[in-house]
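Report on the structure given below.
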Amino acid sequence: MEPNDNKLYILDGGMEPAFHRGHMLFLTNYEQEPIRVGQIVVFKVDRTRHNIPIVHRVIKVHEKEDGTVKLLTKGDNNNVDDRGLYVNGQAWLNRKDVVDRAQGYVPFIGIVPIIINDYPMFKYGVYSGLGVQYWVKIGGF
């Protein structure tokens with residue numbers, strides 16, 4: 001997913017029960033709108049594996065008089081906040097780390113790609129079935 005790609009599939013259970021694996025989120029990121037506690041944001045930090053976006057809920061917001069905003073996030077299904085995911089020495093997310101915000105979702109629409117990725121034999125079975133179907137269609141039997 002690229003920032004502002006407008007959709008994202010949930011790949012793990014860190015946000016259950018709000019979102020499950022395979023749910024597709026619709027995203028926006030209006031810079032002028034303030035981020036509030038309880039909102040679900042998508043963030044990236046340099047330390048994340050392969051720059052994978054993380055979808056978690058904002059649990060604390062610190063707004064300074066100079067306009068800077070610091071955020072603390074946590075997955076709904078996680079026991080601790082996300083400070084362990086941030087760059088070493090970073091205790092709060094900066095506004096620039098937030099690339100999108102969740103505005104809605106469609107349940108389980110992305111489960112097929114997840115199953116294909118998690119179970120390679122399923123993928124080979126699907127491809128084999130499609131190959132046989134194509135072969136039969138062109139009269140190859």
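The values are calculated or read from the model by the stated rules, or taken from the named source; none is laboratory data. Here the structure is a predicted model, which means the values were calculated and not measured. Every residue, glycine among them, receives a Cβ derived from its backbone with ideal geometry; neighbour counts consider all protein chains shown. The accessibility values were calculated without ligands, DNA or RNA, using every heavy atom of the protein model including side chains. Shrake-Rupley method; radii C 1.70, N 1.55, O 1.52, S 1.80 Å.
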Points 7 angstrom from Cα along the Cβ direction at residue 70 and residue 115: gap in nanometres?
4.6
Normalised per residue, the volume of the convex hull around the Cα set of the stretch 33-113 (Å³)
115
For every other residue with a beta carbon closer than 10 angstrom to the beta carbon of residue 110, add +1 if it is Lys or Arg and -1 if Asp or Glu, then tell me the sum.
+2
MRE, 222 nm, helices only [DSSP H, n ≥ 4, -39500 (n - 2.57), over the chain, to nearest 500]
-6000 deg cm²/dmol
Taking placed amide H atoms and a strict 5 Å upper bound, the residues 5 or more places from residue 8 or on another chain that come that close are 25
Debye intensity ratio I(q)/I(0), log10, the stretch 61-102, q values 0.30 Å⁻¹ (C-alpha model):
-1.16
At a 1.4 Å probe, what is the % contribution of carbon and sulfur to the accessible area of the stretch 1-100?
49
Quick one: 3J(HN,Hα) in Hz for the stretch 22-38, Karplus 6.51/-1.76/1.60 with θ = phi - 60°, rounded, Gly and Pro as x.
x, 5, 9, 9, 9, 10, 9, 8, 7, 4, 6, 7, x, 8, 10, 4, x
Give me the distance in nm between label points sitting 7 Å out from Cα along the Cα-to-Cβ direction at residue 126 and residue 60, one decimal.
4.2
Over 28 Å between C-alpha atoms is what I'm after, so list which of 74/96; 7/70; 7/137 land there.
7/137
For residue 101, residues with placed amide H under 5 Å, excluding near neighbours
28, 29, 42
Using θ = phi - 60° and the Karplus curve 6.51 cos²θ - 1.76 cosθ + 1.60, what whole-Hz ³J(HN,Hα) does each residue of the stretch 113-125 get, with Gly and Pro shown as x?
x, 5, 5, 4, 6, 6, 10, x, 5, 4, 4, 5, x
Within a Cβ distance under 15 Å of residue 68, other residues only, what is the Lys/Arg minus Asp/Glu net charge?
0
Find, to one decimal place in angstroms, the Kirkwood hydrodynamic radius of the chain, where the mean of 1/r is taken over every pair of different Cα atoms and then inverted.
17.0
Just by accessible area at a 1.4 angstrom probe, what is the order of 11, 72 from largest to smallest?
11, 72
When all protein chains stay in place, what accessible area (Å², nearest 10, 1.4 Å probe) is found for residue 74?
50
How large is the accessible surface per residue of the chain, computed with a 1.4 Å probe and reported in Å² as a whole number?
65
Residue list for the stretch 22-36, given a label point 7 angstrom along the Cα-to-Cβ vector of residue 51 and an amide N cut-off under 15 Å
none
Backbone N under 19 Å from the residue 91 label point (7 Å along Cα→Cβ), restricted to the stretch 55-71:
58-71
